[in-house]
Amino acid sequence: MGKTKKSKARGGAAGDDLLDSSDADSVETSSTALSDLSISYATENVNSHEFVLDKYIDALYEKRGSTREAALASLVDAFESFMLDGLVENKYATLLSLFNTSIKKGSTKEACLASRAIGLLSITLGAGSTSHETMVESHPQLSKVLQTWSDASKMISALDCLAVVTFVGATDLAETELSLKAMWDVIHPKSGSNVGTVRKPKPPVLAAALSSWTFLLTTIGSWRINTDSWKEPIAFLSTLLGAEDRAVRMAAGEALALCFELKLLDVSACEDDDDDTGVAGTSKSKLFLDMQALKAKIAGLASNLSAEAGGKGADKKNLSDQRDLFQRILDFVKYGECPEESLKIAGKRDVLRVSSWSELIQLNFFKHFLGRGFLKHVQDNGLLQDIFSIRTDKAESLSSSDKKIFRSGEEKGRALKLNKDRRQAQERKNAALFNE
């Protein structure tokens, strides 16, 4: 954990105070400079890069909200488009302080941009003491947004940011659990501290909370797990498979798939002594039966959702996505078949491959959070390269004759998979007709 750095004071003001400036020309100059970063990157003058970054920082001190919003939007664009690690490593404390101030005092739009900027800053810095400090400094403000149940878009941005900064910056299970609890209090509010009035999150917020919680849960695999403590959360997640909103159902399904992969539902019925599940032998048989019942319930719900009938006016694209997701979940639960995906990274050679629910969930979350900047960061960001397996396509290094043989084998594999997909699609169609 690195030492806490203080933001550089401007004009005698602390980091949380905004300069009072009525100079219209100064504001306009700061705003105009915000579009210059892409131009400056075309040069080889490092000083010009730092000059433009300082202009962004200056604009974040301005009193006019629109100027700060423009600065944040341009910073987000720069973080997505370029690897700024060399430029921000000595300025991250100042940036972080200003971003947190925008979350605390700015408009909803400004707070959303600032949350995104903090997450991108953490990804840019990579694992280490600086990202740990980023998490520690931003956690209280992000948690406050979730506890006060602010605007939906502000909550979603805070959830995404909290997931990213904890994923990158947490150094132990306790820190990760703190963020997981903050997210779970949004997912299942009655378990939170404000139990006087139980509030239900709107579907977009609930789906975002589930996705963030699941993404962060992928990091606990190597830590000791008490199986008994997962019984209630998994039971609640299973109820969300019956939610009206399709995005919520799918997010809950991914969470449950991960729970299966992490073996959070696994309890041995053979041993009577205490073990690493944290459950006494006398209670173990009941827990085993309860978990078996949960497994059966989840498998049954997944089967139904994989064959759900469309109905008049149904969103066909999302319905297809839902069917495919729950078929994959069902295949994993029943047969142990892991999801596999590949993504071209650069030209024809570099391919990113995932072959587990943990990897797939991490891939989808980073793609969602980084947006158009995902490929750039996968190519140049050491953090993402450490997380994902990126390999060279073997066929590209083969001779023409060997390449044909290799491709023939690939085609055969694809044909077998297509036949399997067609068979499963027909089975789902028949089940849907039967249920109508």
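The values are calculated or read from the model by the stated rules, or taken from the named source; none is laboratory data. On a predicted model such as this, the values are computed, not experimentally measured, just so you know. Ideal geometry is used to build each Cβ from the backbone, glycine not excepted, and the neighbour counts take in all protein chains shown.
Structure data summary
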item: Contacts under 7 angstrom Cβ, first residue in region 287-300 being part of a helix (DSSP H, G or I), partner exposed (fewer than 15 other Cβ atoms within 10 Å of the Cβ), 6 or more apart; result: Phe288/Ala269; Ala299/Lys334
item: Candidate set: region 53-70, residues that are surrounded by 19 or more Cβ atoms within 10 Å (Cβ to Cβ) and either assigned to a loop (DSSP other than H, G, I, E, B) or of a type in the set (Ser, Thr, Tyr) (or both); chosen: the one modelled with the lowest pLDDT; result: Tyr56
item: Top-ranked residue of region 98-153 - restricted to ones that are surrounded by 16 or more Cβ atoms within 10 Å (Cβ to Cβ) and of a type in the set (Lys, Arg), ranked as farthest from Thr67 (Cα to Cα); result: Arg116
item: Test result for Glu50, modelled with pLDDT of 95 or more, surrounded by 15 or more Cβ atoms within 10 Å (Cβ to Cβ) and at negative phi; result: no
item: Subset of region 131-174 [at pLDDT below 95 and of a type in the set (Asp, Glu)]; result: Asp151, Asp172
item: Sole exception among (1) free of Cβ contacts under 8 Å to residues at least 60 places away in the same chain; (2) crowded, with 23+ Cβ neighbours inside 10 Å for Leu256, by number; result: (1)
item: Number of the exception - Thr94 against (1) assigned to a helix (DSSP H, G or I); (2) surrounded by fewer than 24 Cβ atoms within 10 Å (Cβ to Cβ); (3) in contact with an Asp or Glu (Cβ under 8 Å, 6 or more places away or on another chain); result: (3)
item: Which listed residue, of Ala243, Ala247, Ala182, Ala235, is under 16 Å from the mean Cα position of the chain (by Cα), over 21 Å from Val136 (Cα atoms) and at pLDDT 75 or above; result: Ala247
item: Yes/no for Leu305 being buried (at least 18 other Cβ atoms within 10 Å of the Cβ) and either at pLDDT 90 or above or under 23 Å from Pro204 (Cα atoms) (or both); result: yes
item: All positions within region 123-164 that are more than 27 Å from Asn381 (Cα to Cα) and of a type outside the set (S, T, N, Q); result: Pro140, Lys144, Val145, Leu146, Trp149, Asp151, Ala152, Lys154, Met155
item: Among (1) in contact with a Ser or Thr (Cβ under 9 Å, 6 or more places away or on another chain); (2) of a type outside the set (Asp, Glu); (3) part of a helix (DSSP H, G or I), the one test that Pro140 misses; result: (1)
item: Count of region 209-228 residues which are at pLDDT below 95 and either among the polar types (S, T, N, Q) or touching a Cys at 6+ places or on another chain (Cβ under 7 Å) (or both); result: 4
item: Ala127, sole failed condition from (1) touching a residue at least 40 places away in the same chain (Cβ under 8 Å); (2) in a helix (DSSP H, G or I); result: (2)
item: Some residue of region 143-160 being in a helix (DSSP H, G or I), within 27 Å of Thr239 (Cα to Cα) and of a type in the set (Phe, Trp, Tyr); result: no
item: Matching residues, region 161-193, being part of a helix (DSSP H, G or I) and under 16 Å from Phe236 (Cα atoms); result: Leu180, Lys181, Met183, Trp184, Asp185, Val186, Ile187, Pro189, Lys190, Ser191
